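Okay, structure first, notes after.
The values are calculated or read from the model by the stated rules, or taken from the named source; none is laboratory data. Just so we're clear, the structure is a prediction, and the values are computed from it rather than from any experiment. Cβ sites come from the backbone with ideal geometry, for glycine too, and all protein chains shown count toward neighbours.
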């Protein structure tokens, strides 16, 4: 284990730990590969669905409610920047 690996790091590191914890219980290389592939595809599909759901308000307001659409875009941008700064600060 590397130095400092016991600190409470990024959530992706812990999710990778869950993936590896399940992988240690599989004896077949083929089944292990399929497990990792399934975990990866499931993660991608989950992110795709959530991105689509988050984008729905923007799609519905883009044509008829331009003022609301611009406000939503601004709010999303400010939230994203704020969350990114908060998350980056939490890593240190």
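Here are the numbers for this structure:
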| item | result |
| --- | --- |
| Residue in region 39-61 that is within 28 Å of residue 90 (Cα to Cα) and at pLDDT below 80 present | no |
| Test: residue in region 3-10 that is in contact with a helix residue (DSSP H, G or I) (Cβ under 9 Å, 6 or more places away or on another chain), surrounded by 11 or more Cβ atoms within 10 Å (Cβ to Cβ) and at pLDDT below 85 | yes |
